[in-house]
Amino acid sequence: APTTEKLAGDHYIFMKGATERVIGCCTAWCEGSLVGKVDRAAFESTVIEKMNSLAEKGLRVLTLAYRKFEATPGVDLVHGVDREKIESNMTFLGLIGIYDPPRAESRPAVLQCYEAGIRVHMLTGDHPSTAAAIAKEVAIIPEDVPIVNNPLVMNAAQFDAMTDEEIDKMVELPRVVARCSPNTKVKMISALHRRNLFATMTGDGVNDSPSLKAANVGIAMGQSGSDVAKQAADIVLTDDNFATIVKAIAEGRRMFANIQKFVQHLMSANVAEIVVLIIGLAFKDDDHKAVFPMSAVEILFLNMITSSPPAMGLGLEPPSEGNMREPPRSAKQGLFSFEVVLDTFVYGLAMGALSFASFTIVVFGFNDGVLGSQCNSKWSVACEGVFRARATSYVCMTFLILAHAVNCRSLRESGWTIKNLKTMKENTMLWMSIVIGALLVFPVVYIPGLNRNVFKHSAMTYEWGLVLASLVVFLVFAEVYKKMKIKLMKPLNLEANGQVEMERMRTYMTQADSVIDSNDKAEDI
């Protein structure tokens, strides 16, 4: 918009803005004290050429012009004049190139987005050459591709002129759209939604508020953003840094993965306990009553003391190496994915089967199948075999649950490699809960009175061999199961990275150029 300023008793109007708009208002040019009339064709060609030269260097170009204005006495120079009238007969002053370098962390953040399966589009009010040069700096488009006839770079006028059907037929939406209006940004978001993609929009101005509302997540700038943009957005970015958004995505993925680990560990332990108790109903004592492989206090101790602390430790896990190499998760997918549910039942059934097998071996293999009478409520000589078998089942379940906590650190990677065991030291809650849980087994099993009267089991001797064997079998089973998942299931980690994404865009450009060439030849024929 024009501004007015009083100089030496005369009124002057100064204009700054986009080159295409300003030069259309100019009828003269000025260089020092030399003033000349505009030869429209030559003038516009020269100015546009100079502007493109500056824009290709990544400079934001502003054009300046002025005119002398004969003000009518008593007329408000701001609100009392015709804008179209005063924005005419301007004298061209020159071009200004402003270099606003992107932050150093922007390029690594964009490359990390590619690894995470996230594509970055840049919609800006800058000149197409300026926008393309900046996009190359931050790796939104490849550095070695031309700006002219680049399907990845488009002017808003071209994009806005396309119908929705034409946009939907495009193999790749433009990564850079220049000279954008508010409607251009909304149109891009609508195109992304029609492709069933999750769109996040960043903006700072009042004109960004429609697109911030239309996006799945609108992010307003906290430092440079307007109040209107902040009210329209879902999130306000306090440091105006794109890299912070990427860090937030990584943290969100870490939290989601840790909640899955927490739930899977607890649910697997519950499934294992249910398996033991339900199958145990088939055993009848001398009074034809069921003999429980584990007592009520043992079950409560397993749930409250043994499995809960490691599960909470899993909730504090640091991000895995593949955290930002996994594909984006569907917004409709909850915690219980197919793989998590499958793991819960497979590991639960395995732990339950091994625990129940140890109980069965002690009762029938070493105590001739004697189940005694009223062994669920009190100890007797006849119940000694049942009490020892119950202790074996309980200790076996304890160590299996603690070992399973290490398995739950990763859905597919082995938790027992030296590398993964070293990283566990970063999670103090997890390894301390495993150590303490293992140590608590000994007072629970061997303190007289506490073992038989409270937990309804007896001290163990040779049964430790069964516990060790069950633990080894479970660890081998878990490793084989993970290897099978790697071979049979879709890979969790993307193969994409910055180089792969750049090569994909180059391939797309080559294919697009081939289509354009063939169309040109068809038109010539």
(message) I'd like to check something: does the stretch 301-315 contain any residue that is closer than 20 Å to HIS404 by Cα, at pLDDT 85 or above, assigned to a loop (DSSP other than H, G, I, E, B) and under 38 Å from the mean Cα position of the chain (by Cα)?
(response) yes
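Across the stretch 397-453, what is the total count of residues that are open to solvent by 80 Å² or more (accessible area, probe 1.4 Å) and in a loop (DSSP other than H, G, I, E, B)?
Let us first name the residues in the stretch 397-453 that are open to solvent by 80 Å² or more (accessible area, probe 1.4 Å), namely 413, 416, 418-419, 422, 425-426, 431-432, 436, 439, 442, 446, 448, 452-453.
From what's left, in a loop (DSSP other than H, G, I, E, B): 413, 416, 448.
Of the residues in the stretch 397-453, 3 are open to solvent by 80 Å² or more (accessible area, probe 1.4 Å) and in a loop (DSSP other than H, G, I, E, B).
Return yes or no: is MET432 at pLDDT below 95, closer than 30 Å to GLU326 by Cα and of a type in the set (A, V, I, L, M, F, W, C)?
Working: at pLDDT below 95: no; closer than 30 Å to GLU326 by Cα: yes; of a type in the set (A, V, I, L, M, F, W, C): yes.
Spelling it out, it is not the case that MET432 is at pLDDT below 95, closer than 30 Å to GLU326 by Cα and of a type in the set (A, V, I, L, M, F, W, C).
Tell me, which helices (runs of 4 or more DSSP H) wholly within the stretch 54-159 include 3 or more residues that are farther than 30 Å from VAL38 by Cα, open to solvent by less than 70 Å² (accessible area, probe 1.4 Å) and among the β-branched types (Val, Ile, Thr)? Working first, answer last.
Working: elements: 83-86, 106-115, 128-137.
Helices (runs of 4 or more DSSP H) meeting the threshold: none at all.
Residue by residue, here is whether (1) part of a helix (DSSP H, G or I); (2) at pLDDT 95 or above; (3) more than 19 Å from the chain's Cα centre (by Cα) holds:
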{"site": "ALA243", "(1), (2), (3)": "yes, no, no"}
{"site": "GLY252", "(1), (2), (3)": "yes, no, no"}
{"site": "PHE262", "(1), (2), (3)": "yes, yes, yes"}
{"site": "HIS265", "(1), (2), (3)": "yes, yes, yes"}
{"site": "SER268", "(1), (2), (3)": "yes, yes, yes"}
{"site": "VAL271", "(1), (2), (3)": "yes, yes, yes"}
{"site": "ILE278", "(1), (2), (3)": "yes, no, yes"}
{"site": "ALA282", "(1), (2), (3)": "no, no, yes"}
{"site": "ASP286", "(1), (2), (3)": "no, no, yes"}
(message) If I filter the stretch 191-202 for residues that are in contact with a Phe, Trp or Tyr (Cβ under 9 Å, 6 or more places away or on another chain), closer than 26 Å to ALA161 by Cβ, among the hydroxyl-bearing types (Ser, Thr, Tyr) and open to solvent by 50 Å² or more (accessible area, probe 1.4 Å), do I get at least one hit?
(response) yes
(request) Would you point out which residue out of GLU44, GLU49, GLU87 is modelled with pLDDT of 90 or more, of a type in the set (Asp, Glu) and touching a helix residue (DSSP H, G or I) at 6+ places or on another chain (Cβ under 8 Å)? (result) GLU44
(request) Looking for whichever is surrounded by fewer than 16 Cβ atoms within 10 Å (Cβ to Cβ) and of a type in the set (D, E, K, R) here; the options are LYS187, LYS213. Which one fits? (result) LYS213
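If the requirement is being crowded, with 22+ Cβ neighbours inside 10 Å and touching a helix residue (DSSP H, G or I) at 6+ places or on another chain (Cβ under 8 Å), which of these qualifies: VAL246, VAL206, VAL236?
Numbers: VAL206 fails: crowded, with 22+ Cβ neighbours inside 10 Å; VAL236 fails: crowded, with 22+ Cβ neighbours inside 10 Å.
The match here is VAL246.
Just for the stretch 8-40: of the residues that are closer than 27 Å to SER129 by Cβ and aromatic (Phe, Trp, Tyr), which one is surrounded by the most Cβ atoms within 10 Å (Cβ to Cβ)? Working first, answer last.
First pass over the stretch 8-40, keeping only residues closer than 27 Å to SER129 by Cβ: 14-31, 38-40.
From the residues that got through so far, the ones that are aromatic (Phe, Trp, Tyr) too are 14, 29.
On the way: PHE14: 14, TRP29: 21.
Top of the filtered list is TRP29.
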(request) Please enumerate the residues belonging to the stretch 411-442 that are among the basic types (Lys, Arg) and within 24 Å of the chain's Cα centre (by Cα). (result) ARG412
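Please enumerate the residues belonging to the stretch 359-386 that are surrounded by fewer than 23 Cβ atoms within 10 Å (Cβ to Cβ) and closer than 17 Å to LEU277 by Cβ. Step through it out loud before you land on a result.
Within the stretch 359-386, the subset surrounded by fewer than 23 Cβ atoms within 10 Å (Cβ to Cβ) is 360-361, 364-374, 376-382, 384-385.
THR360, LEU371, ASN376, SER377, listed by residue number.
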(message) If I go through the stretch 298-315 residue by residue, how many of them are surrounded by 15 or more Cβ atoms within 10 Å (Cβ to Cβ), more than 11 Å from HIS265 (Cα to Cα) and hydrophobic (A, V, I, L, M, F, W, C)?
(response) 4
(message) I need every pair where a residue in the stretch 214-230 that is among the β-branched types (Val, Ile, Thr) has its Cβ under 6 Å from the Cβ of a residue that is open to solvent by less than 30 Å² (accessible area, probe 1.4 Å), sequence separation at least 6 or different chains.
(response) ILE219/ALA233; ILE219/LEU237; VAL228/SER209
(message) Contact list please: Cβ distance under 8 Å, first residue in the stretch 346-360 and touching a residue at least 12 places away in the same chain (Cβ under 8 Å), second residue among the acidic types (Asp, Glu) and in a helix (DSSP H, G or I), pairs at least six apart or on different chains.
(response) GLY352/GLU273
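The values are calculated or read from the model by the stated rules, or taken from the named source; none is laboratory data. Values in this document were obtained by computation on a predicted structure and should not be read as measured data. Note that each Cβ is placed from the backbone with ideal geometry, even for glycine, and that neighbours are counted across all protein chains shown. Just so you know, the surface numbers come from the protein's heavy atoms only, side chains and all, with ligands and any DNA or RNA stripped out. Shrake-Rupley method; radii C 1.70, N 1.55, O 1.52, S 1.80 Å.
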